[in-house]
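Here is the structure we will look at.
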Amino acid sequence: MQDQVTKDMTIDEIFTKFPQRGQRLAQEMQNAGLNCVGCGASVWETLEAGMLGHGFKDEDLEKLLKKLNGILAEEIDTSTIAFTKKAGEKFKEILAEEGKEGWGLRFADRAGGCSGFEYVLDYSEKASEDDEVFHSEGVDIHVNQDAVSRLKGCVIDFVEGLNGSGFKISNPNAKGSCGCGKSQNY
């Protein structure tokens, strides 16, 4: 049986056990109202204590557990790098606003963040000689060959919430992530 998130796991335990889904899990917890995800004091709190201690009901906790375990159950294609449909549409919308229709995405990682590496997303007019090109949702994704082994399998999503909107990356190669899900290590 696949490992699952349980109500008696601490926030820290969740991110330590499932680093490859850390950003998606963090976003789902924040969407559910656990805005303290990433706070140094909250990582030792169980998911149940966090939810019930912030005024949520048992039904809310069960709903969150179902969503978190749904994320863990999703299949990952480790042979490519892909946009979700929503992320692909949003990126093309941004390209149009910037007058860069037809451009691709430069996707990379660099040293930074509290866990070692953070993602870099930028515009890319054309692939360079040392890039591998992935195609997803009508967009070319340009990745330097040196980073491909760390980034293959990534899914780039776009999320909107009360605490901000932006592109979020799920990486099956991550071995650890910070409590807020913003950086990772391999």
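Bridgeable lysines around Lys152 (alpha carbons under 30 Å apart, same-chain partners fewer than 8 residues away excluded): Lys17, Lys66, Lys67, Lys85, Lys86, Lys90, Lys92, Lys100, Lys126, Lys168, Lys175, Lys182. Can you give the FRET efficiency for Val148 and Glu48, using 1/(1 + (r/R0)^6), R0 = 35 Å, r = Cβ-Cβ distance, to the nearest 0.05? Plugging the Cβ-Cβ distance into 1/(1 + (r/R0)^6) gives 0.30. The calculated FRET efficiency for the pair Ile94 and Thr16, based on their C-beta separation and a Förster distance of 45 Å, comes to about 0.85.
A short reminder: the numbers here are calculations on the coordinates, not readings from a lab. Quick caveat, the model's predicted, so the values are computed rather than measured. Note that we place each Cβ from the backbone using ideal geometry, even for glycine, and neighbour counts take in every protein chain shown.
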